[in-house]
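The values are calculated or read from the model by the stated rules, or taken from the named source; none is laboratory data. Keep in mind that this is a model prediction, so the values were computed, not measured. All Cβ positions, even for glycine, are placed from backbone atoms using ideal geometry, and neighbour counts span all protein chains on display. What goes into the accessible areas is simple: the full protein's heavy atoms, side chains included, and nothing from ligands, DNA or RNA. Shrake-Rupley method; radii C 1.70, N 1.55, O 1.52, S 1.80 Å.
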Amino acid sequence: MIMAEPSGQLSHTDTFQHSVPIRLAAYWVLAFGALLFVALGLYPLAPRPILLITVLESAVLGVTYRRALTSERVALGYLAFEGICQTLIFHFCGDLRLGVAPVVYTFELLNPGVRLNTRGHAAVANGFAAMFGLLVVAQHWILGLELRAAWPAASVLLVFLELNVAAFFVSQLRHVLEDRALALTYAHDALRTESAALEQRVAERTSELERSFRALRDQADDHRTFVYSVTHDLKAPLTAIQLRAERLRERAGADLACESRGDLERIISLAERGESMLHDLMAHFEVSEHVEAPTMVDLEMTVRRAFEPHESAAVAKGLHVRFGKLPIVWGQSQKLVHVFANLLGNAVRFAPDHGQIDVDAQEDNHGATVCVRDNGPGIPAGYEETIFDFFTRAPNPTGDTPPTNGSTGLGLAIARRIVKQHRGTVWVESVSGQGACFYVHLPAGPP
Amino acid sequence: MMTRRVLLVDDDREFLELSCSVLEEQHPEVTVTAANSGTAALALISEAPGVGGQKPFDVAILDLRLGDMTAVDVLRRAQMALAGVPILVLTQALWKGDEAAVLAAGATLVLEKPSKLLALRRLLDVFVASGHPPSE
């Protein structure tokens, strides 16, 4: 039952202290009860000495009771004293021999009974005492003595029985409470240890996560700085190449042979292109790296704002543009404008004259999917994924060199980057020659 | 007419050389002084002879990033010396945030750095020609 030593102090005498006054009171009641019993003349045949001895016995019991329950010596001493009293009583009753017997028996049996009691086997002791009390009473009755003469013995035995019972209860209670207190203390200790261990683990984990977060954030900062400085550093020599080449063309262009002139023109145009790519990269990078606080975004407004810069081109081509009902999503407002500006720009650019552009949306449990559809040449089969790569443009339907319409092939890559930041996806479904539909799926709720 | 004094500041040596060369070709009447860093620019500004209430330079063209500091730092430190001088700041990428701060520091105009020869020529023409003649 008891598994470990308690770490706290448990005082078993506490429970003892609690029950002793009650028991003590009970014994005094008994003692005076007996006295009363006798005084009221219910014991007419008893000579005065018996009366006195009975009172004396009870008084002594009351006084030594507390000690008797915890000290064997005191208990045995009391028994001895009680034995003497019994002897005297029976002497006054007229038969010394008979008086001795119960004393001897009592002494013999209750001695181990007391021993047993202090070791928690009081039930057995009580059994003996009870049995023995009955035996004594029976013996006297059988021997023809007045039953009432046997009263002192019986009463004292009964009193002693109660002593045992009380001691038994107390010891059992003590054990039970000890066990419970131990178990409780043990449980408390275990809980405290667990709690401390848990707190420790949580603290470790938190600092781990903090470290990871700091590392990631530093990495992101490094990355951003890297891209920024690399693009700037690259731009300077490209600009210089372009300017010098142009100057060369100015000064010596007319003197050059046709092929050399052609090479020079090529150099200039390549430098221009490189520059333009860097410029686009820097502009797009600025947008996608810019930290925006997410909010509820009304996509209808987003799409309208995104379309504004392309409106004049759409009008010039006589395009028919229709916006369907669009949902509200959670995201970074400016960046979403950028995404749709790119998709709509592409649609306007690739739609044929008097073509059609539709923007629709579908909502479901996971979020919303917006579709930007045009009826232009579409994407050739196999290029649906590569067009989202950096600096990659969709080839002509014939699969030849990419169209030189000024785009550097960055728009879709950045659009995908932004959509990914929103934990969404963007993809295209297209049949070559029958237009293309770009889908943007944005999850519902805060990312 | 007095010789116009132009200060060009850029940490990109290539561009600096090219701009000087183009400017000297186009405007032989102009004296061009070049500085390769912010520190050098500040040194030149403080050393330049200023007769009476004359300014150290008539026109200044600076790149935004100068390696050791930015054009904004130079303008702030040379605020007194360059007061009233037309100042052009060129930047690689025209981000909105930068522009306001640069103008507030005392620049007259902020433009994107030209990568076409023609644009560079026009820019230098207009800006060098627009400088006010030094006051007497």
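At most 10 other Cβ atoms within 10 Å and a DSSP loop assignment: could you name the trypsin sites (Lys or Arg not before Pro) in the stretch A:271-329 that fit?
Numbers: sites: A:273, A:304, A:305, A:317, A:322, A:325; in loops: A:317, A:325.
Counting only loop positions with at most 10 other Cβ atoms within 10 Å, the trypsin sites (Lys or Arg not before Pro) in the stretch A:271-329 are A:325.
Amide H neighbours of residue A:320 under 5 Å, counting only residues 5+ apart in sequence or on other chains, H built in-plane at 1.01 Å?
Counting only residues 5 or more places away or on other chains, the set is A:355, A:356, A:357.
With θ taken as phi - 60° and the coefficients 6.51, -1.76 and 1.60, list the Karplus ³J(HN,Hα) couplings across the stretch A:332-349 in order, rounded to whole Hz; mark glycine and proline as x.
8, 4, 4, 5, 5, 4, 4, 4, 6, 4, 5, 5, 5, x, 4, 4, 5, 5
Quick one: Cα centre-to-centre distance for the stretch A:289-319 and the stretch A:325-396, in angstrom?
A separation of 12 Å, based on Cα centres.
In Å², nearest 100, what accessible area do chains B and A bury in total when the solvent probe is 1.4 Å?
Values: alone 7420 and 25940 Å², together 31620 Å².
Roughly 1700 Å².
Counting only heavy atoms of protein chains, what accessible area per residue, in Å², does the stretch A:194-330 have with a probe of 1.4 Å? Each step should come with its number before you reach the end.
Values: 8770 Å² over 137 residues.
Ligands and nucleic acids excluded, the figure is 64 Å² per residue.
Distance in nm between label sites at residue A:312 and residue A:220, each 7 Å beyond Cα in the beta-carbon direction?
3.8
For peptide A:278-287, what's the mean number of Cβ atoms from other chains within 10 Å of each residue's Cβ?
That works out to 2 on average.
What is the stretch A:220-314 by shape, rounded, prolate or oblate, if you read a ≥ b ≥ c off the alpha carbon gyration tensor as root eigenvalues and call it rounded for a/c under 1.5, prolate for a/b larger than b/c, and oblate otherwise? Before the final figure, lay out each step's value.
Numbers: a/c = 5.24, a/b = 1.90, b/c = 2.76.
In terms of gyration-tensor shape, oblate.
Taking R0 as 60 Å, what FRET efficiency do you get between residue B:68 and residue A:360 from their Cβ-Cβ distance, rounded to the nearest 0.05? Walk me through the numbers before you get to the answer.
Working: r = 55 Å, r/R0 = 0.92.
The pair residue B:68/residue A:360 has a calculated efficiency of 0.65.
By its C-alpha gyration tensor, with a ≥ b ≥ c as the square roots of the eigenvalues, how is the stretch A:301-398 shaped: rounded for a/c under 1.5, else prolate for a/b larger than b/c, else oblate?
On the way: a/c = 1.67, a/b = 1.22, b/c = 1.36.
It comes out oblate by the Cα gyration axes.
Multiply the residue gap between residue A:64 and residue A:429 by 0.36 nm, knock off their C-alpha separation, and tell me the result in nm, one decimal place. Don't skip to the answer; put the middle values down first.
Values: separation 365, 0.36 × 365 = 131.40 nm, distance 10.21 nm.
Here the answer is 121.2 nm.
Provide the FRET efficiency to the nearest 0.05 for the residue B:21-residue A:334 pair, computing r from the beta carbons and using R0 = 56 Å.
Between residue B:21 and residue A:334 the formula returns 0.85.
Please state the shape class of the stretch A:178-277: rounded when a/c is under 1.5, otherwise prolate if a/b exceeds b/c and oblate if not, all from the C-alpha gyration tensor.
Cα axes put the stretch A:178-277 in the prolate bin.
Roughly to the nearest percent, how much of the accessible area of the stretch B:3-131 is carbon and sulfur, given a 1.4 Å probe? Walk me through the numbers on the way to the answer.
Numbers: 3260 of 5690 Å².
Ligands and nucleic acids excluded, carbon and sulfur give 57 percent.
Could you give each residue of the stretch A:429-442 its phi-based ³J(HN,Hα) in whole Hz, using Karplus coefficients 6.51, -1.76, 1.60 with θ = phi - 60°, and x for Gly or Pro?
Here the 3J(HN,Hα) series is 10, 8, 10, 3, x, 10, x, 9, 10, 8, 9, 10, 9, 10 Hz.
At 222 nm, what helix-only mean residue ellipticity would chain B give, in deg cm²/dmol to the nearest 500, using -39500 (n - 2.57) for each DSSP H run of four or more?
Details: 6 runs with 58 residues, N = 136.
After summing the helix terms and dividing by the residues of chain B, the value is -12500 deg cm²/dmol.
First select every other residue whose beta carbon is under 13 angstrom from the beta carbon of residue B:84; then total the charges, Lys and Arg +1, Asp and Glu -1. Can you show the working numbers first?
Numbers: positive: B:55; negative: B:58.
Around residue B:84, the charge tally is 0.
In the stretch A:246-260, which residues become less accessible by 40 Å² or more once every protein chain is in place, relative to the chain on its own, using a 1.4 Å probe?
A:246, A:247, A:250
Count, for each residue of B:10-19, the Cβ atoms from other chains sitting within 10 Å of its Cβ, then give me the mean as a whole number.
Details: counts 1, 1, 6, 2, 7, 5, 0, 2, 5, 1.
Mean shielding count: 3.
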